[in-house]
Structures are given as C-alpha cells and as structure tokens.
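Here the structure comes first, spelled out in structure tokens, and everything after it is commentary.
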Amino acid sequence: MQQSRLDLFVDRMVSQRACLDHAAALIADMPGPVFELGLGNGRTYHHMCHIMPERDIYVFERAVASHPDSTPPDDRVLLGDVFDTLPEAQRRFGPTAVLIHADLGGHNRKKNDIFAQNVSPVIEPLLAVGGLMVSSDKMYFDHLVEQALPDGAVHGRCFIYRRDV
C-alpha cells in the first residue's frame with residue numbers, strides 16, 4: 001500500500017532534521033558560510049540557526065514569506081530566481097560554502113527532477129572541498145559524491161552529497 005501524503009511529509013521532515021544535524025556535526029570545524037536554498041515558512045532555516053548559531057547562514061528566496069521567528073536579517077537574504085542569485089553568489093563568495101541545503105521542489109516529482117537537473121550545475125561551484133549538500137531531491141553533480149544517510153533518515157526522502165575535490 002502506498003504511503004499517505006502525511007506519512008511522506010513526516011518522512012521528509014524527519015529526514016531533513018537527521019541529515020542537517022549530521023551535516024552540521026561533520027562541518028563543525030570547517031570555516032565558511034551555509035546556504036539555504038528556499039526559505040518557505042522558515043522552519044529549516046530556524047533549525048539551522050539553532051544547531052549552527054555561529055554560522056553565517058545566507059538564504060536564497062524569490063520573496064520572503066516566512067514566520068517572523070524564522071526570518072533572516074535582510075543582509076543575509078539573496079532575493080530573486082536561483083538561476084540569477086546563485087551565479088551572483090559564486091562571484092561574491094566563490095567555492096566557500098561548507099553546507100548547502102535545498103528543499104526547492106514542489107509536489108510534482110517529474111518537474112522536481114527536471115529542476116534538479118538544471119540547478120545542480122549552478123549549485124556545485126559554490127561548495128568548498130569537504131563541504132556537504134543536503135537536498136530533499138536527488139541531484140545531478142559531476143564532482144559531488146552521494147553519502148550514506150545517517151540514522152533516522154528515510155531512504156529517498158533526503159540526499160547528502162560531498163565535494164571531495
């Protein structure tokens with residue numbers, strides 16, 4: 001029997017938390033910013049601020065509509081389409097991000113996959129060597145290696161990639 005939409009949502013949230021907690025521990029000693037691609041309500045951003053309070057966390061979003069407790073400061077928000085703001089971030093930051101989190105997809109898996117194929121090459125140059133990418137969707141990278149999921153994450157509901165070179 002297929003899972004309910006609620007079960008799928010719960011699996012995604014539990015997996016995001018497990019993967020972000022795991023990633024934060026792995027990059028704890030690395031210098032560099034963290035990027036949140038897509039703010040939405042701001043729950044994931046708020047969690048990242050909680051588990052990495054010393055980090056500069058930059059948010060990429062079309063328009064801020066988050067909960068007031070989960071809204072980043074204006075100087076940490078890059079507004080616009082990611083196909084414009086990510087190349088701008090590449091020029092500004094170079095390959096320095098130690099963690100990039102993306103939960104950009106919608107409810108249509110085929111459209112999500114096409115989007116992931118298109119955005120992966122724009123994300124990849126931002127990640128520092130040793131840095132991690134956590135995504136709710138399968139991504140398509142040339143130089144990032146998919147990692148095993150931590151305990152508590154549900155296979156297929158979150159993905160972790162690492163830049164080794």
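The values are calculated or read from the model by the stated rules, or taken from the named source; none is laboratory data. Bear in mind that the values here come from a model prediction, so they are computed numbers and not experimental data. As a convention, Cβ positions derive from the backbone with ideal geometry for all residues, glycine included, and neighbour counts pool all protein chains shown.
Quick look at the values:
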item	result
Sole exception among (1) more than 20 Å from residue 132 (Cα to Cα); (2) at pLDDT 95 or above; (3) part of a helix (DSSP H, G or I) for residue 72, by number	(3)
Among the candidates 92, 162, residue that is of a type in the set (Lys, Arg), closer than 17 Å to residue 34 by Cβ and touching a Gly at 6+ places or on another chain (Cβ under 9 Å)	162
Residue in the stretch 152-165 that is surrounded by the fewest Cβ atoms within 10 Å (Cβ to Cβ), counting only those that are assigned to a loop (DSSP other than H, G, I, E, B) and out of contact with any Ser or Thr (no Cβ under 8 Å at 6 or more places or on another chain)	165
Residues of the stretch 140-154 satisfying the condition of being free of Cβ contacts under 8 Å to residues at least 24 places away in the same chain and aliphatic (A, V, I, L, M)	144, 145, 148
All positions within the stretch 102-129 that are β-branched (Val, Ile, Thr), modelled with pLDDT of 95 or more and part of a helix (DSSP H, G or I)	119, 122, 123
Qualifying position, being under 20 Å from residue 47 (Cβ atoms), in contact with a helix residue (DSSP H, G or I) (Cβ under 8 Å, 6 or more places away or on another chain), assigned to a loop (DSSP other than H, G, I, E, B) and not β-branched (Val, Ile, Thr), among 149, 132, 99	149
